[in-house]
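The values are calculated or read from the model by the stated rules, or taken from the named source; none is laboratory data. What you see is a predicted model, and the numbers here were worked out from it, not measured in a lab. Every residue, glycine as well, gets a Cβ built from its backbone with ideal geometry; the counts of neighbours run over all protein chains shown. All accessible areas refer to the heavy atoms of the entire protein, side chains included, with ligands and DNA or RNA removed. Shrake-Rupley method; radii C 1.70, N 1.55, O 1.52, S 1.80 Å.
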Amino acid sequence: MAQLWGGRFTKATDQMVYDFNASISFDKRLYRQDIEGSLAHVKMLAKQGILTEAERDVITGGLEGILADVESGALAITSEYEDIHSFVEANLTERIGDAGKKLHTGRSRNDQVALDMRMHVREAVKETDRHLLVLLKVLYRIMEENIDTFMPGFTHLQKAQPVTLAHHMGAYFEMFWRDRSRLADIYKRMNYCPLGAGALAGTTYPLDRDYTAALLGFDGPTRNSMDSVSDRDYVIEYLSALSTIMMHLSRFSEEIILWNSNEYRFVELDDAYSTGSSIMPQKKNPDIAELVRGKTGRVYASLMGILTTMKGIPLAYNKDMQEDKEGTFDAIDTVNSCLPLFTGMLDTIKFRKDVMEASAKNGFTNATDVADYLVNHGVPFRDAHGISGRLVLRCIEENKALDDLTLEEFRSESDVFEEDIYEAISMKTCVEKRLTKGAPGEAAMREVLEIYKNYLNNEKGL
Ligand code: ARG
């Protein structure tokens, strides 16, 4: 009885343990990096006399065959293997016989997976960077076209002072530029090759780690073998950079959602980038922007996940670290699809310049300029602030703009006002006078655009 029961239970448990332990369902994504890493490793082994040239050639042929077959679909990566490393090695031995068993000389799955993941993340960093560059180019175009498109600038989501659409877009240009520079930093720091670290303590074979590092496009080999197999800092840094990118995209999305609403009507989304409602025929929904905003959560979650996974791991490799993959892959896919979608949406958006300008006029965004006018005529700022505030109150009561007040009405609060007040508080003057570095005035804006143009012209990406 016990045996029957025991046999049945043991078998079921074994299968569960196997499934729980296996990573093939997600690390199959690393097949190319795994094979490329193995090709470099074998080349190095032969150079060092650890493998013969004949062995190197037969293993290389086998690995290249596996790569070609996986890419053509002739060879499926199935769950009968524990992980991608076992899949490649088992297939190799099946193809070329015993020589395949020599592939793993001087290597452990610990340095192998560290290499695969690093190569994968390195490529993802480059892809994210390429998407950001395209987004920056679209932002630059919009800026160039809207140096004199007036709109309200907001604080507390209340109309504050007039700015231009170019200036508003410029704020996002700065954010995504910083995002790119973060990626460049990460790339530089992570681009060292962990292969040759072995399980944790290097190997007794005379490996040439500089050679494999160079073959795989790294700046050199890593310096400490224990760190090499247990470092996932670069994953954390990348996920952190991705989280910041999503935070920026999410803020931008939020604005587009607001601007697309019936209340604002600042923008009209292209039909190709909006969706309808199944019940309300009048609706044109900003689903793409909402999804980008919504997906920000899962990218943050991946960052929190890996941070938490790593915090209690003693040196060196522990199986916990297998958990670095699914969240990272999900974040990569999320950001690398959100960026081009968002860029497409932005590139096709129609800005309603007339609505933006009318909105800037109707929100007392020039109240500071009324005060500044008084200050320029000798009134202390605190008094000027009060005078301007009382004029605003009157306008609110009479439902009109500051520009609509008669000169008598202006003078009822201060006899400093003259006919030139209208010119001084016109939208054009309000913006144009803001000429400090980084302000929306045309001359200041053109200076910045020149910097952006040079930056974009000299960027080739990572
Ligand atoms: N699937 C493992 C991972 O992703 C590969 C490394 C396995 N190493 C080991 N000692 N079990 O981390």
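Please list, by residue number, every one of the trypsin sites (Lys or Arg not before Pro) in the stretch 390-462 that is coil in DSSP and has at most 14 other beta-carbon atoms within 10 Å.
In loop regions of the stretch 390-462 (DSSP not H, G, I, E or B), the sparsely surrounded trypsin sites (Lys or Arg not before Pro) are Lys400, Lys433, Lys437, Lys460.
Would you kindly work out the equivalent ellipsoid of the stretch 332-406 from its C-alpha gyration tensor and give its semi-axes, the square roots of five times the eigenvalues, largest first in whole Å?
Value: 41, 16, 10 Å, ordered largest first.
What does the convex hull of the Cα atoms of the stretch 390-462 come to per residue, in Å³, rounded to a whole number?
Cα-based convex hull of the stretch 390-462, divided per residue, equals 135 Å³.
Probe of 1.4 angstrom, ligands and nucleic acids ignored: what's the accessible area per residue over the stretch 131-197, in square angstrom?
Averaged over the residues of the stretch 131-197, the accessible area is 39 Å².
Cross-link candidates for Lys350: which aspartates and glutamates have Cα within less than 19 Å, leaving aside residues fewer than 8 places away along the same chain?
Glu144, Glu145, Asp148, Glu254, Glu255, Glu263, Glu268, Asp270, Asp271, Asp287, Glu290
Which translational diffusion coefficient, to the nearest whole µm²/s, is obtained for the chain from the Stokes-Einstein equation, given a Kirkwood hydrodynamic radius over C-alpha pairs, 4 °C and 1.567 mPa s?
On the way: Rh = 26.7 Å.
Value of D from the Cα-based Kirkwood radius: 49 µm²/s.
From the residues Ser337, Ile451, Ile425, which one has its Cα farthest along the dipole of the stretch 334-454 in the positive direction, the dipole being from +1 and -1 charges on Cβ of Lys/Arg and Asp/Glu about the Cα centre?
Positive-end residue among those listed: Ser337.
Sorting check: for 155-162, 382-389, which peptide has the highest mean count of neighbouring beta carbons within 10 Å, and how do the rest follow?
Highest mean packing first, the order is 382-389, 155-162.
Can you divide the C-alpha Rg of the stretch 421-462 by 2.2 N^0.38 Å and report the result to two decimal places?
1.61
Would you calculate a helix-derived [θ] at 222 nm for the chain, using -39,500 (n - 2.57) for each DSSP H run of n ≥ 4 and dividing by the full residue count, to the nearest 500?
The helix contribution divided over the chain gives -20500 deg cm²/dmol.
For the stretch 218-319, just list the percent of Cα-Cα distances falling in each 10 Å bin from zero outward, please.
P(r) for the stretch 218-319, in whole percents per bin: 13, 29, 22, 16, 12, 7, 0.
Jot down the per residue volume, in cubic angstrom and as a whole number, of the convex hull over the alpha-carbon atoms of the stretch 36-79.
70
Taking H as built 1.01 Å from N, whose amide H comes closer than 5 Å to the amide H of Asn285, not counting residues under 5 places away?
Counting only residues 5 or more places away or on other chains, the set is Thr275, Gly276.
Beyond 18 Å between alpha-carbons counts as too far, so tell me which of Lys361/Lys400; Lys28/Lys295; Lys361/Lys433 fall in that bin.
With Cα atoms farther than 18 Å apart: Lys28/Lys295.
Could you derive backbone 3J(HN,Hα) for the stretch 274-284 from the dihedral phi with the Karplus parameters 6.51, -1.76 and 1.60 (θ = phi - 60°), listing whole Hz in sequence and x where the residue is Gly or Pro?
9, 10, x, 9, 6, 10, 9, x, 6, 6, 9
Taking the Cα centre of the chain as origin, work out the dipole magnitude from +1 charges on Lys and Arg Cβ and -1 charges on Asp and Glu Cβ, in debye rounded to 20.
1120
Running Debye on the stretch 81-213 with equal point scatterers at the Cα sites and no solvent, what base-10 log of I(q)/I(0) appears at q = 0.10, 0.16, 0.18, 0.20 Å⁻¹?
Log10 of I(q)/I(0), two decimals: -0.58, -0.91, -1.04, -1.15.
With a probe of 1.4 Å, find how much accessible area the stretch 254-399 has per residue, and write the answer as a whole number in Å².
Working: 7490 Å² over 146 residues.
With the other protein chains kept in place, the stretch 254-399 gives 51 Å² per residue.
For Val448, what charge total do you get from the other residues with a beta carbon under 14 Å from its beta carbon, if Lys and Arg give +1 and Asp and Glu give -1?
Every neighbour counted, the sum reads -1.
Which cross-chain or sequence-distant (5 or more) residues have an amide H under 5 Å from the amide H of Ala160, H modelled 1.01 Å from N in plane?
For Ala160, the qualifying residues are Gly153, Phe154, Thr155.
Going toward the positive end of the dipole of the chain, with +1 on Lys and Arg Cβ and -1 on Asp and Glu Cβ, which of Ser240, Pro281, Gln158 do you reach last?
About the Cα centre, the residue reaching furthest to the positive side is Ser240.
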